[in-house]
Amino acid sequence: MKSLERGEAEAVYDRRPAWAKGSISRSDARFLFDRAVQGSGDAIVEIGTASGVSSAVLCAAAEQRATACTVVSYDISPTYYGDRRRRTGSAALEMLSEGQLSHLKLRNPATALDVCDDYLEDSLGFAFIDAAHKHPWPALDLLAILPALQPGAEVALHDINLPLINPDWQAWGVKYLFDELDLDKHVDVTSETPNIGSIVVPEDKVSLRQQAIETIAAHDHEVEAPEETLKLALPPAAG
């Protein structure tokens, strides 16, 4: 990674507004930037915009790519959960230069279920999931976007050790998913207890889908999910 690129990641992160609480940490931002710069495809999909701090980091990465790349960030709410007076993603508007901001497209209200309406099968090379953290939502979000992910795509996941780092926030969905997927993975090696990592989509996407379904079934659900969304976790129809 060129020092210029890493310096740009730091510069963007340092412009995050004070009101943007609950966003990624500095080390998380470095990891996300590095992985996104190395990603493939002409679009980066983010599930869970919130304040927009991570969206800004992804846009900085998109600008460093050799070919044109758009960051499309999906969130179920048009307003930021930490301050309903603010629009979802508005931190990115404060953090980015005009050129960097040209890479960003905000999609709200929208969810992971909308991704496959927006992208063709096997067309996405990089995604970042940082939305609902309670089980089974992270696995459901991954299943929702899986058809659009190409083999070899990288999916970054935030809060992979959230219950260990913050005992007051016992949401195990991301940790269950990241720990139990038997795939090529990357983690933030600069952190003693990394809270961000990524998985690499295998050539056999059916095996990834099955593993995610097994993770959903293996643990008590921490929160209810709509019946329509839970259909993602049904075994594929025979024939």
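When the charge dipole of the chain is built from unit charges on Cβ atoms (+1 for Lys and Arg, -1 for Asp and Glu) and taken about the Cα centre, the candidate among Thr79, His186, Gln150 whose Cα reaches farthest toward its positive end is Thr79. Computed from label points 7 Å out along Cα-Cβ, the spacing between Gln210 and Asp117 is 3.1 nm. Packing order of peptides 10-18, 57-65, 30-38, highest average first: 57-65, 30-38, 10-18 (average count of other Cβ atoms within 10 Å over each peptide's residues). If you wrap a convex hull around the C-alpha atoms of the stretch 97-239 and split its volume per residue, what is the figure in Å³? Roughly 150 Å³ of hull volume per residue.
Whole-Hz Karplus values for the stretch 205-219 come out as 5, 4, 5, 5, 4, 5, 4, 5, 4, 5, 5, 4, 7, 7, 9 Hz, taken residue by residue from phi with 6.51 cos²θ - 1.76 cosθ + 1.60 and θ = phi - 60°; glycine and proline positions read x. Multiplying the residue separation of Asp168 and Ser102 by 0.36 nm and removing their Cα-Cα distance gives an extension gain of 20.0 nm. The 3J(HN,Hα) values that the Karplus relation (6.51, -1.76, 1.60; θ = phi - 60°) gives for the stretch 15-24 are, in residue order, 8, 5, x, 5, 6, 7, 8, x, 8, 5 Hz. Gly and Pro appear as x. Per residue, the solvent-accessible area of the chain (1.4 Å probe, heavy atoms of protein chains only, all protein chains present) comes to 46 Å². Students often get this wrong, so try it: which of (i) 14; (ii) 27; (iii) 11 is percent of Cα pairs over 33 Å apart as calculated from the structure shown? The listed entry that was calculated here is (iii).
The long axis of helix 3-14 is offset from the longest Cα principal axis of the chain by roughly 90 degrees.
Could you work out what % of the accessible surface of the stretch 56-107 is carbon and sulfur, using a 1.4 angstrom probe and leaving DNA, RNA and ligands out of the count?
Carbon and sulfur atoms account for 51 percent of the accessible area of the stretch 56-107.
The charge dipole of the chain, taken about its Cα centre with unit charges on the Cβ atoms of Lys, Arg (+1), Asp and Glu (-1) only, comes to about 760 debye. Scalar couplings 3J(HN,Hα) for the stretch 54-67, obtained by applying the Karplus form with A = 6.51, B = -1.76, C = 1.60 to θ = phi - 60°, are 5, 4, 5, 4, 5, 5, 4, 5, 4, 5, 7, 5, 6, 10 Hz; x denotes Gly and Pro.
Taking the centroid of alpha carbons for each part, the stretch 180-195 and the stretch 1-79 are 18 Å apart. Gain on full extension, evaluated as 0.36 nm per residue between Glu222 and Lys185 minus their Cα-Cα distance, stands at 10.8 nm. Charge dipole of the stretch 57-98 (Cα centre as origin; +1 on each Lys and Arg Cβ, -1 on each Asp and Glu Cβ, all else neutral): 180 debye, rounded to the nearest 20.
The values are calculated or read from the model by the stated rules, or taken from the named source; none is laboratory data. Owing to the predicted nature of the structure, the values given are computational and were not obtained by experimental measurement. Backbone-built Cβ (ideal geometry, glycine too); neighbour counts: all protein chains shown. Note: areas computed on protein heavy atoms with side chains; ligands, DNA, RNA excluded. Shrake-Rupley method; radii C 1.70, N 1.55, O 1.52, S 1.80 Å.
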